[in-house]
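Visitor: One structure is given below, represented as C-alpha cells, and several questions about it will come after.
What follows is calculated from the coordinates using simple rules that are stated; it is not laboratory data. Keep in mind that this is a model prediction, so the values were computed, not measured. We place every Cβ from the backbone using ideal geometry, glycine too, and count neighbours over all the protein chains shown.
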Amino acid sequence: MKKECFLENSVRIDDLISEMKISVIICTYNRCVSLKDTLGSLQKQAFVAFAYEIIVVDNNSSDSTRQIVESFNDKLKPHLRYIFENRQGISYARNRGIVEASGEIVAFTDDDVLVANDWLSSIESAFKNPAVHCVAGKILAQWNNNKPRWYSDGLRAVVPDINEGEEVKIIEFATGANMAFRKSIFDKIGFFEIGPAEDSLFSHMVRAKYSIWYFPSLVVFHKTSPERLNQGYFRKWYFKSGRSIAFIKNKFKPFRKEKVIFGVPRWMFRWLIKSIWGYLRYFTDIRKRFYCELQIIRFLGICDYVWRGK
C-alpha cells in the first residue's frame, strides 16, 4: 500500500523503519476537534529516547480531519503520518494501520483520549520483557462534574473507565483506547475481525496463544461526551453487548454444547431471574435498579442473537 507522509524531503519514514520502536495508531471518524486534543497530548510526550511514529487512520471522515492532522505537521515532524481508509468500520481502520505500521510495537489509542506524558515511554518499558506480547493499561474517565445520578461503578465498561489497580498482572481483555502489541503476533493470530465486539473478540484470539498484561503505568484519560451520558445510550450499549456475548461464546464454545432452553444456556436464565429480582427489590435505589435493568437488557440481546442471528 502507498504510504502518505507529511515529511520534508530530507527526512523520509523509510530511513527510520529499521530502528522504529513504536507505531501509534489512532483511528478516527468525524471527530476532528477531539482528535486535535489527542494529537496535542502526544506532542507533550517526555523522555522519548527511541524512534516512533503516529499513524492517523482517517476512516472516511467528511469533516476537517485531514486539515487538523496537517496542522500538526511541524509540531510532530517527522513522526506524523496520515492514512485514508474508505472502508467504514473500526476493524478496517485498525487493520490498515497495522499494515502501514513500521514499528516493532503497535499501540492503539482513540480520538477522544488524552495520553499521559509518559505513555510512550511506559509502553516501551513494558515490552523490555521478551515474554510480554500484549499490554493494556488504565483508562481514566474525565467526568467534568457530569456523572449521572444513576451511574454506578458496575457500568465502567460503557464509559469506559478502567482501573485494575496498581499491580502488574494478567487480565482477560484489552481495550482499544489503551493497548499495545508486538507486531509479530498479527502474523500468528491474524488481524481484527470485522463484526461485533472487535476488542473482546481480538482479546480471545490473543489469549489463545499469549497473555494480556496489565501495566498500571500505562495511563490515558477518556473524555466523557455528554451525548452518551444518558440511559438510552447505556440501554443500547447493553443490548449490543448481549448480542456480542452470544456471538463470541458461539464462536469459541457453541451454546449447542451446553444445556439450553430455547437455544439459550440454562445458566443464563438464573442470571435473568436474579436481575429481575434485583430490579424489583431496589425500587428506590436508582443506581442498583438501573444496573439490574441493564442486565435484563443484555439477556434480551443474547436472545436476539440466538433467535435472529446477525
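Visitor: From largest to smallest, what semi-axes in whole angstrom does the chain give when each is the square root of 5 times an eigenvalue of its alpha carbon gyration tensor? List each step's numbers first, then the result.
Guide: Numbers: eigenvalues 265, 94, 69 Å².
Output for the chain: semi-axes of 36, 22, 19 Å.
Visitor: Test of understanding: express the Cα radius of gyration of the range 231-308 as a ratio to 2.2 N^0.38 Å, with N the residue count.
Guide: 1.13
Visitor: Taking the range 211-250 as the region of interest, what is the percent of Cα-Cα pairs per 10 angstrom bin, listed from the shortest bin to the one with the maximum distance?
Guide: 21, 27, 41, 11
Visitor: Run the numbers on the range 13-227 and let me know its relative contact order in percent, using alpha-carbon pairs under 8 Å that are six or more apart. Let's see the in-between values first.
Guide: Working: 422 pairs, mean separation 55.3, N = 215.
Worked out over the range 13-227, it gives 26 percent.
Visitor: Follow-up. If we count other beta carbons within 10 Å of each Cβ, what is the order of W271, W213, W150, fewest first?
Guide: Lowest count first: W271, W150, W213.
Visitor: Something else: How many percent of Cα pairs in the range 68-123 exceed 14 Å? Walk me through the numbers on the way to the answer.
Guide: On the way: 1041 of 1540 pairs.
Percent of Cα pairs beyond 14 Å in the range 68-123: 68.
Visitor: Take the chain, connect every pair of alpha-carbon atoms lying under 10 Å apart with a spring to form a Gaussian network, then pick out the residue of L114, L280, L229 with the largest mean-square fluctuation.
Guide: Top of the fluctuation ranking is L280.
Visitor: Pick out which of E167, E293, E124 has the largest mean-square fluctuation in a Gaussian network model of the chain, springs linking Cα atoms closer than 10 Å.
Guide: With Cα springs under 10 Å in the chain, the top fluctuation among E167, E293, E124 is at E167.
Visitor: How far is it, in nm, from the label point at K209 to the one at Q142 when both lie 7 Å from their Cα along the line to the Cβ?
Guide: So the label points at K209 and Q142 sit 3.7 nm apart.
Visitor: Using Cα pairs closer than 8 Å and at least 6 residues apart in sequence, work out the relative contact order for the range 231-308, in percent.
Guide: 49
Visitor: Which residue fluctuates the most in the chain, going by a Gaussian network model with Cα springs under 10 Å, if the choices are K240, K288, K251?
Guide: Of K240, K288, K251, the Gaussian network model singles out K251 as fluctuating most.
Visitor: I'd like the orientation of helix 198-207 relative to the chain: the angle between its Cα long axis and the longest Cα principal axis, in ° from 0 to 90, rounded to 10.
Guide: Value to nearest ten degrees: 80.
Visitor: Need one number: % antiparallel among DSSP beta bridges in the chain, to the nearest 5.
Guide: So the antiparallel bridges in the chain amount to around 40 percent.
Visitor: Can you give me the Cα centroid spacing of the range 124-181 and the range 224-269 in angstrom?
Guide: 21
Visitor: By a straight-distance test (C-alpha under 26 Å), which lysines pair with K236 as possible cross-link partners, with residues fewer than eight away in the same chain excluded?
Guide: K138, K147, K223, K249, K251, K253, K274, K288, K310
Visitor: Average the reciprocal distances over every distinct pair of alpha-carbons in the range 52-211, invert the result, and give the Kirkwood radius in Å.
Guide: Its Kirkwood hydrodynamic radius stands at 17.2 Å.
Visitor: Among K169, K257, which comes first, then next, by fewest other beta-carbon atoms within 10 Å? Walk me through the intermediate numbers first.
Guide: Numbers: K169 12, K257 9.
So the residues, fewest neighbours to most, are K257, K169.
Visitor: A further question on this structure: How would H204, H133 line up from fewest to most surrounding beta-carbon atoms within 10 angstrom?
Guide: So the residues, fewest neighbours to most, are H204, H133.
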